[in-house]
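The structure under discussion appears below in the form of structure tokens.
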Amino acid sequence: MSSEVLQAPLVLEYPFTRSTGPVIGAFLTGLRDGVICGIRRADGTVLCPPQEYDPLTAEPLTELVEVGQAGEVVTWAWNGDPRPMQPFDRPFAWALIRLDGADTSMLHAVFAPSAAEMSTGMRVRVVWRTEREGHIADIAGFEPIPAVETA
Amino acid sequence: MSADRPEARDPLAAPAALSAPVTLPEALAGAEPVESVCTPIRMAYTYTPGRALSRYLRAMADKRILGERCGATGQVFVPPRGVSPLAGAATSEVVELADTGYVESFNITRVPIERRPDLKPPYCSAWIVLDGASVGFLGLVINLAPEEVRIGMRVRAVWKPDEELETSAANILGWEPTGEPDEVITDYERIGRIEASDP
């Protein structure tokens, strides 16, 4: 009997389509149209990405507002070995990004040349995909804003 | 807890509205709303079978079906995992099984599965108990209209042509009726189950 170890590719795949509801739907509508939406809480603070209910009071939230397309890195982790279907085929940073006009941060990719170029508090701006359909991947990622532009 | 934190609602109380009307920023006035999103989940593995399944898959290349017997209860499991799930012990003996058996239970699928164009609805998936096995396993009933499939029906494996055989369970294309008299099943509650005292 052969001593060669048997192996075979095995792919588990679930092609879900989910309905969005009015709040997430508005967020995705915005992404398709190149607009980033947050949602305003009763105290005036803005959650981005928007949530359907207030995380502290559980009250429904309804007032979607446009936020900026640049913001600051709140925290980040370097991904030195990207896997298929991740946002970038070269090393990049996963980061929590607080957009201008928002009080919470959203997870996305930052296309920095190396981890040495990443820092907490750095300014980044959105990079849109050309073809957009209403999906978080309509944002290709974020790119660092050179210091000369932010100064 | 900070002093300015608002008082939390009773988490068990229903929200005031499940789908309140929302207001959109000016930039989205009149935009066609997105109402659904495709969020596929995909996990790509390299699968490596253990020793028992490797024996089973190598035998498949010779159109043979191997089960393994539990030394404690005498039960024969197929496909073999190397252990007896009821006795919690390693199986002690490799057993060659016939490629015939009977349909213990079945299901007819009438909805297509994306990316499985090989499965053309309606088709019949069946729980097939091989002669000499103590448990069933999943297979397709083929060469018969799904409406004709019945519990107890005798079936035999339909193998791929010899030149296409691999170390794969896909060597069995499906199971077709033998035309023999049906297996007599008297206790429907036992279907799909096995107990420590079963032979």
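Rule-based calculations on the coordinates, nothing more; no lab input. These numbers were taken from a predicted model, which means no experiment stands behind them. Glycine gets a Cβ as well: all are built from the backbone with ideal geometry, and neighbour counts include every protein chain shown.
Arrange the following residues from fewest to most other Cβ atoms within 10 Å of their Cβ: A:H135, A:H108.
A:H135, A:H108
Rank the residues B:K63, B:K120 as a footprinting-exposure proxy: fewest other Cβ atoms within 10 Å of their Cβ go first.
B:K120, B:K63
Helix A:21-32 versus the longest principal axis of chain A: what angle, 0 to 90°, nearest 10, using Cα atoms?
Here the helix axis deviates by roughly 80 degrees.
In region A:79-151, which GluC sites (Glu not before Pro) fall in coil by DSSP and have 10 or fewer other Cβ atoms within 10 Å?
A:E131
Given the C-alpha atoms of region A:21-150, compute the convex hull and give its volume per residue in Å³.
Output value, Cα hull per residue: 119 Å³.
In whole Å and largest first, what semi-axes does the C-alpha gyration tensor of region B:51-188 yield when each eigenvalue is scaled by 5 and square-rooted?
The three semi-axes for region B:51-188 are 25, 19, 14 Å.
Using a 10 Å cut-off on Cβ atoms, rank the peptides B:78-90, A:47-59, B:123-135 from the highest mean neighbour count down.
Highest-to-lowest ranking by the protection proxy: B:123-135, A:47-59, B:78-90.
Return the distance in nm (one decimal) between the two label points of a simple spin-label model at A:D81 and B:D182, each offset 7 Å from Cα along Cα→Cβ.
Those two pseudo-labels are separated by 5.6 nm.
Counting partner chain Cβ atoms within 10 Å of every residue's Cβ in A:7-17, what's the average?
Counting Cβ atoms of other protein chains within 10 Å of each residue's Cβ and averaging gives 6.
Given springs between every Cα pair under 10 Å in a Gaussian network model of chain A, which of A:R123, A:R90, A:R40 has the largest fluctuation?
A:R90
Which far-off residues, 5 or more places away or on another chain, put their amide H under 5 Å from the one on B:G174, with H placed in the peptide plane?
Under 5 Å from the amide H of B:G174: B:V158.
In nm, what is the difference between 0.36 nm times the number of residues separating A:E59 and A:W94 and their Cα-Cα distance?
Between A:E59 and A:W94, full extension yields an extra 9.5 nm.
Under a 10 Å cutoff between Cα atoms, tell me which one of A:D33, A:D100, A:D43 has the largest fluctuation in the Gaussian network model of chain A.
A:D43
Say each of B:W159 and B:A89 gets a label point 7 Å from the Cα, pointing the same way as Cα to Cβ; how far apart are those two points in nm?
Using points 7 Å along Cα→Cβ, the separation is 3.3 nm.
Run through all the Cα pairs of the protein assembly as shown and give the fraction in each 10 Å bin from 0, expressed as whole percent.
Once binned at 10 Å, the Cα pair distances of the protein assembly as shown give 5, 17, 20, 15, 13, 19, 10, 1, 0.
Please compute the average number of Cβ atoms from other chains found within 10 Å of each residue's Cβ in peptide A:22-32.
Rounded to a whole number, the mean comes out at 5.
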